[in-house]
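The values are calculated or read from the model by the stated rules, or taken from the named source; none is laboratory data. For clarity, every value in this text was computed on a predicted model and none was experimentally measured. Note that we place each Cβ from the backbone using ideal geometry, even for glycine, and neighbour counts take in every protein chain shown. All accessible areas refer to the heavy atoms of the entire protein, side chains included, with ligands and DNA or RNA removed. Shrake-Rupley method; radii C 1.70, N 1.55, O 1.52, S 1.80 Å.
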Amino acid sequence: MGEVKRVKINLDAVKAAAGSLEAATEARKSREAKFVESLTPSELERYSAFKKSSFYRKHATCAMRRLLQEISGHQIHEKTLIVMCTVAKLFVGDLVEGARALAEEEGHRGPLTTAHIKAAYAKLQGEGHVPDGHSRLRLFCP
């Protein structure tokens, strides 16, 4: 039978790493707190709604999971689903931010209209942030 090797763990290094992780977490929390303090009440309301929103659901009936499985024809790995939900949330955030800016330029107050969202989408498309659906990345083709 093989001999069991004992591994020495440097507890000081582990404690130092844990301490630096805690310090980084505290720094991130303080930056976020300063950011939240600088928001106006309406911005704070939108920010809290953004933080609470999610496209990701763990159960099998998640709409994003069904969409990705329908497109790919395969089961979707959990980490892939999380990444795609994150990308979708960021895209929607950019879209709403652009629509909000367009509405303010027009002097519109209140909820966004579909015209604002369509204009923001067209602007994102014009900037090249939205694929047109026809161009595909072709690997190994001349």
For this session: Can you confirm whether region 69-80 contains a residue that is without any contact (Cβ under 8 Å) to a residue 24 or more places away in the chain, closer than 29 Å to residue 33 by Cβ and within 14 Å of the chain's Cα centre (by Cα)?
Result: no
Exercise. Can you pull out the residues in region 102-119 that are part of a helix (DSSP H, G or I) and surrounded by 14 or more Cβ atoms within 10 Å (Cβ to Cβ)?
Worked result: 102, 103, 116, 117, 119
Problem set entry | region 81-101, residues that are open to solvent by less than 50 Å² (accessible area, probe 1.4 Å) and without any contact (Cβ under 8 Å) to a residue 24 or more places away in the chain | 99, 101
Seminar exercise, completed: Exactly one of 56, 47 is in contact (Cβ under 8 Å) with a residue 12 or more places away in the chain and closer than 30 Å to residue 110 by Cα, and that one is 56
Exercise. Does any residue of region 44-56 turn out to be of a type in the set (Gly, Ala, Ser), on the phi < 0 side of the Ramachandran plot, open to solvent by less than 80 Å² (accessible area, probe 1.4 Å) and not in a helix (DSSP H, G or I)?
Worked result: yes
For this session: Could you list all residues from region 40-71 that are polar (S, T, N, Q), over 28 Å from residue 100 (Cβ atoms) and modelled with pLDDT under 90?
Result: 61
